[in-house]
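So the structure is just underneath, and the comments pick up after that.
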Amino acid sequence: MQRSLDQKLAAIRANPHATREFILADAKDADMAFGVRAPGPRSYLSGHGARPAQFSPEIWTRDEYGYRNLPEFLDIIREVTHQGLVDIMLLSAYVNEQLTIQEGLFQNSAVTPACRANDTTDVWAVRHGCYTREPSQPFRSASIDHIQCGEIECPRPGGLPGANLGLYSVTFVNELKQDRETLLWYKSFREEAESKGFRHFLEVFDPNVKSGLAPEQLGEFINDHIIRTLAAVPPAGRPDFLKIVYHGPKAMEELAQYDPNLVVGILGGSAGTTYDAFKLIHDAQKYGARVALYGRKINQAEHQLAFIEMLRLITTGKITPEEGVRAYHGVLQVKGIKPHRPLEDDLQLTDQAMSYDGSAAKRSKVEVRHNPLAPTPPPLIKPEIMVTDWPKLPNGAPDFNHMSSVQRLAYDSVRLK
């Protein structure tokens, strides 16, 4: 079966201005970053999930503190694949072995399986770890052959039962020795991938440590690095598309218009509100993005299939982001699923952290200009509801997923001061 990814890439490259084709990817590779937490909290399952009989009762007395296990995670991947609204399903090499090679999940599907081909240290977001606070170091756990056929060396020629598309990520930190090492590893991977007929797409993270760059400079820094990195790479070794942080209209348009053959996509970042996710994909597409790869935004949704359907309706222009949030809440109501937050809170646009572990400094997306004739605005928080604390992640960073609107206002007030 011809994959929807290949059909859309061909249409986009043939005439990017005459098509609304948009590539949607679901990232289910987070076991290479978050470990046990990767499948998401068990409480997101309808009915909160059943307590595994093989475990002692005292461990599972409170299901809401547990996480889905791998079999539950695989079931969700099967459901999303059978739905057929995403074009790419991104997996770890181990999950790829089970679903793609052994089970043949994608044999008669238009969805393309893909694997995370490297795991730089800035995605080592394990509990109680400190790796994500150090400058990103290149590293690869998976081999191309293991991704393609599940063996240390694939028989060639011959059919490859595994995935033949990989995500390779780089993180530039504006430090010569560090960034040179990152480029050398990517060069080695590109050459091996080309020799083995392995396709890839390139993810470019923002610096995960202080880089001496102001927030408004990050878009230009990343854009120049991408063009410079690929300038010496012929078509045979270039990525199928890019995955980057959305730095706003100007930076997106600058990169998207530079080379019609360069298909630009965005990463989703941390979960945030439903409106965050829907507005991000809408705005990125408006200014030139042709791909969105959402991981936590999908995986932590109350109903993943409905969430994906709304994303697809937005990219095809059938509904607006605001309509999507309302329709999504309508689905939850019909299915009897309690939303993470009330509709009015879920329609709020919040400022999202862009590092993989969700702890990077925030970027302001709104420019506020002072009008001397305007009345003095009210304080962010009324004194009678002032709070001084809010939920935090284990590393001390704010936990936006579990903040109330009052706590969010308190946090913003402290941050802005």
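Residues that are modelled with pLDDT under 95, under 24 Å from the mean Cα position of the chain (by Cα) and either part of a helix (DSSP H, G or I) or closer than 16 Å to ALA301 by Cβ (or both): does segment 6-14 have at least one? Yes, the conditions are met somewhere in segment 6-14. Residues of segment 260-275 being within 23 Å of THR171 (Cβ to Cβ) and either out of contact with any Leu (no Cβ under 9 Å at 6 or more places or on another chain) or in contact (Cβ under 8 Å) with a residue 40 or more places away in the chain (or both), which ones? VAL263, GLY265, LEU267, GLY268, GLY269, SER270, ALA271, GLY272 - these are the residues of segment 260-275 that are within 23 Å of THR171 (Cβ to Cβ) and either out of contact with any Leu (no Cβ under 9 Å at 6 or more places or on another chain) or in contact (Cβ under 8 Å) with a residue 40 or more places away in the chain (or both).
Residues of segment 291-308 that are surrounded by fewer than 24 Cβ atoms within 10 Å (Cβ to Cβ) and either among the basic types (Lys, Arg) or at positive phi (or both): ARG296 alone.
Take the residues in segment 143-159 that are crowded, with 20+ Cβ neighbours inside 10 Å and of a type in the set (A, V, I, L, M, F, W, C); name whichever of them is nearest to GLN102 (Cα to Cα). Result: CYS149.
Residues that are over 17 Å from the mean Cα position of the chain (by Cα) and farther than 23 Å from GLY269 by Cβ are absent from segment 113-134. Applying a threshold of 7 Å to beta carbon distances and a minimum spacing of six or more residues, or different chains, the list of pairs starting in segment 121-145 at a residue that is touching a residue at least 60 places away in the same chain (Cβ under 8 Å) and ending at one that is part of a loop (DSSP other than H, G, I, E, B) and surrounded by fewer than 16 Cβ atoms within 10 Å (Cβ to Cβ) reads ARG127/PRO394; HIS128/PRO394; PRO135/GLU175.
Close contacts from segment 66-80, counting a first residue that is crowded, with 16+ Cβ neighbours inside 10 Å and a second that is of a type in the set (A, V, I, L, M, F, W, C) and in a helix (DSSP H, G or I), with Cβ to Cβ under 6 Å and a gap of 6+ residues or different chains, come to TYR67/VAL36. Please work out if ILE337 is farther than 21 Å from ASP87 by Cβ, assigned to a loop (DSSP other than H, G, I, E, B), outside the structural domain of PRO391 (by TED's automatic domain parsing) and over 17 Å from the mean Cα position of the chain (by Cα). For ILE337, the condition - farther than 21 Å from ASP87 by Cβ, assigned to a loop (DSSP other than H, G, I, E, B), outside the structural domain of PRO391 (by TED's automatic domain parsing) and over 17 Å from the mean Cα position of the chain (by Cα) - is met.
Every residue in segment 304-338 that is of a type outside the set (A, V, I, L, M) and touching a residue at least 60 places away in the same chain (Cβ under 8 Å), please. Show your work before the answer.
Of all residues in segment 304-338, those of a type outside the set (A, V, I, L, M) come to 304, 307, 309, 312, 315-318, 320-324, 326, 328-330, 333, 335-336, 338.
Those that are of a type outside the set (A, V, I, L, M) and touching a residue at least 60 places away in the same chain (Cβ under 8 Å): GLN304, GLU309, ARG312, THR315, THR316, GLY317, LYS335.
The residues on offer are GLN304, GLN300, GLN217, and the sole one that is over 30 Å from CYS130 (Cα atoms) and polar (S, T, N, Q) is GLN304.
Only one of GLY330, GLY288 is assigned by TED's automatic domain parsing to the domain that holds ARG13, surrounded by fewer than 19 Cβ atoms within 10 Å (Cβ to Cβ) and within 15 Å of ILE23 (Cβ to Cβ); which? Give the derivation first.
Details: GLY330 fails: within 15 Å of ILE23 (Cβ to Cβ).
Going through GLY330, GLY288 in turn, just one is assigned by TED's automatic domain parsing to the domain that holds ARG13, surrounded by fewer than 19 Cβ atoms within 10 Å (Cβ to Cβ) and within 15 Å of ILE23 (Cβ to Cβ): GLY288.
Taking (1) at pLDDT below 95; (2) closer than 18 Å to HIS200 by Cβ in turn, ALA142 satisfies each apart from (1). Filtering segment 238-250 to residues that are closer than 11 Å to ILE226 by Cβ and among the aliphatic types (A, V, I, L, M) leaves LEU242, ILE244.
The values are calculated or read from the model by the stated rules, or taken from the named source; none is laboratory data. Not measured: the values here are computed from a predicted model. Positions of Cβ are generated from backbone atoms using ideal geometry, with glycine treated the same way; all protein chains shown enter the neighbour counts.
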